Amino acid sequence: MEEAKPVHDIDILLVDDEADFRVVIAKRLGRRGIRVHEAPGGEEALRLLEETPLDVVVMDIKMPGMSGIDALRRIKERHPVAEVILLTGHANTQDGVDGIKSGAFDYLSKPVELEHLIRKITQAHNKIGRFRSARQEAEFRERVKQQMVVAERLVALGTMASGVAHEINNPLAIIQDAAGWLRQILAKPEMEDMPRRGDFEKALDRIHNAVQRARVVTHQLLQVVRTQSTELSDPTRMRAVDLKQLVEESISLVESEAESKGIKILVESAEPPPSAWTDPYQLLQVLLNLLANSIQATGAGGRITIALRASLEEAKVEVNDTGSGISKENLNRIFEPFFTTKGVGEGTGMGLYVSWGIVSKLGGLIAVESQVGQGSTFTITLPVKR
Amino acid sequence: MAETPSQILLVDDEADFVEMLSLRLKEIGESVLSAFSGGECLKILAKTDIDVVILDVKMPGMNGVETLAEIKKAHPLVEVIMLTGHGTIETALEGMKLGAYDLLIKPADFHELIEKLNNARRRKQEQLERIRNAQAALQ
């Protein structure tokens, strides 16, 4: 007799109230590389599927207790990806048709011909495989599309913001020099006895401080746009950077702050430590910004983990915290300029925007994943080689 | 304060800015002339002795770099400080290559401006000195 080819690596659930039947089928399928998990009825099958998700279920339609059709409906409800092959009594076509209407992959009538069953199991298994890879591809496309939408929006916002910053810088210079001129006049000896001199000085102080504040914001905004308009920052500052060393340097700068809040910072690095082709000063700026955010979002006893990974082409720096997390609606806007959830005076909403600008310019990507109440992970991906 | 008496020319299309900055400079005893375009700047240079030009990069018509090139062609000893917005630093750097003495980012700190102004003046004096020495050596 010709040996049939073994079918590899499929797990199925066989549901039948007849123990002898299960044992025989399990043994014969097992020889062909199909691992069989067994359940004597619908209830047990559902329980088992909760513990061990299996893709293909082969199930008798006539069982005491929960019927095969009911069990099928409940399986499809809870595990929509799973495929169910029903076994019907001899020549009972109506049962099989009812089963397919309720979502069964197909039906086979007893007595079951083994090759036929294996073919059906393989078909169901392949269908699930195709469905999974299509879904993965769709998810991947959706992610890429979203990233592109975000990037386009950031560039558009940046262009607008820089236009505004330019327009504001000129009047800002006028305000600064007008106030500066008044200060110079106040400093003249003949002005020494001017009435309400203190009030004038106070007001000039406030003008000066406000101009400085506005100046910082316009400079940050224009820095991002400037970095976008040039291919790479300063090519002479690009070099192979030991990421572990740089990460440790960044940690040493924020360690005391983290310690005072009772937060631990850990480094997990691949060996040998990955390196990236980048500008260490700019990358340090990004790391410090991410760490500051994480420390701010994380409560006492929390943990920040920086993981370093590398492949031939890319190096990844993941900054993960156990902080408050970011809500879904904020996640999409987090890299926008001026977007902040912090109070007035606590944040300008420029940190992540500037970081995004720097990483893009360094030829990399920055992305975020987060779950409210569980924490956030920022991932920087950088090229390994020039 | 000016180390030696000298003439400054301030060039920017933003009239209020030119007015305020020149008032500040005059307040510390500087002698300042104003121009509101590259063309006007060149006209003043043609008939007045100027030591240092403070020149905005972004102007309608003839821009700062074009103006700079013309200045250096006709008056190579005049020192130029480029005044730039943060977004046009590359342009200002280009100006440095064309012979500008230094650049300042708007809104610039007044004390920084004075410092650069003094350095520019000093360089011009040193250049003149060298030329005088060279001429004396030739005779």
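Read the figures in this text as sums done on the coordinates, not as results from a lab. Just so you know, these numbers come straight off a predicted model, no measurement behind them. Here the Cβ positions follow ideal geometry from the backbone for every residue, glycine too, while neighbour counts run over all protein chains shown.
With unit charges on the beta carbons (Lys and Arg positive, Asp and Glu negative) and the dipole taken about the Cα centre of region A:235-383, which residue among A:274, A:352, A:382 sits farthest to the positive side? Highest projection toward the positive end goes to A:352.
Scaling against 2.2 N^0.38 Å puts the C-alpha radius of gyration of the protein assembly as shown at 1.56.
A helix-only calculation puts chain B at -17000 deg cm²/dmol for mean residue ellipticity at 222 nm, using -39500 (n - 2.57) for each DSSP H run of at least four residues, averaged over all residues. Spin-label pair residue A:365-residue A:236: with each label point 7 Å from Cα along the Cα-Cβ axis, the two points sit 3.3 nm from one another. A dipole drawn for chain A from +1 and -1 charges on Cβ atoms has a positive end, and of A:299, A:162, A:366 the residue lying farthest that way is A:162. The HN-Hα couplings worked out from phi for region A:10-21 by the Karplus form 6.51 cos²θ - 1.76 cosθ + 1.60 (θ = phi - 60°) are 10, 10, 10, 10, 9, 10, 7, 6, 8, 4, 4, 4 Hz, whole numbers, x standing for Gly and Pro. Between B:67, B:91, B:48, the Gaussian network model of chain B with springs among Cα atoms under 10 angstrom shows the greatest mean-square fluctuation at B:48. Under a model in which nothing but the beta-carbon of Lys, Arg (+1) and Asp, Glu (-1) is charged, region B:7-138 shows a dipole of about 600 debye around its Cα centre.
Between residue B:33 and residue A:281, how high is the FRET efficiency from 1/(1 + (r/R0)^6) when r is the Cβ-Cβ distance and R₀ = 41 Å? Nearest 0.05. Calculated transfer efficiency: 0.50.
If each DSSP helix of 4+ residues adds -39,500 (n - 2.57) and the sum is divided by the residues in chain A, what number results at 222 nm, nearest 500 deg cm²/dmol? If you can, show how the numbers build up before the last one.
On the way: 10 runs with 200 residues, N = 386.
Taken over chain A, the calculation gives -18000 deg cm²/dmol.
Comparing A:288, A:49, A:352 in a Gaussian network model of chain A where C-alpha atoms under 10 Å apart are linked, the largest mean-square fluctuation is found at A:49. Here the contact order of chain A, divided by its residue count and restricted to Cα pairs under 8 Å and six or more residues apart, works out to 10 percent.
Name the most mobile residue of A:77, A:249, A:318, meaning the one with the largest mean-square fluctuation, in a Gaussian network model of chain A with Cα contacts below 10 Å. Largest GNM mean-square fluctuation: A:77.
Divide, for region A:153-229, the radius of gyration over alpha carbons by 2.2 N^0.38 Å, where N is the residue count.
Details: Rg = 17.1 Å, N = 77, 2.2 N^0.38 = 11.5 Å.
Here the Cα radius of gyration is 1.49 times the empirical estimate.
For the listed residue pairs A:202/B:58; A:145/A:361; A:244/A:361; A:264/A:316; A:145/A:261; A:188/B:43, the alpha carbons are over 28 angstrom apart in A:202/B:58; A:145/A:261; A:188/B:43. Summarising the amide proton neighbourhood of residue B:31: residues at separation of 5 or more, or on other chains, whose placed amide H is nearer than 5 Å comprise B:6, B:8.
Entry note: region B:7-138 has Rg to Rh equal to 0.97, where both radii use alpha-carbon atoms and Rh is the Kirkwood radius.
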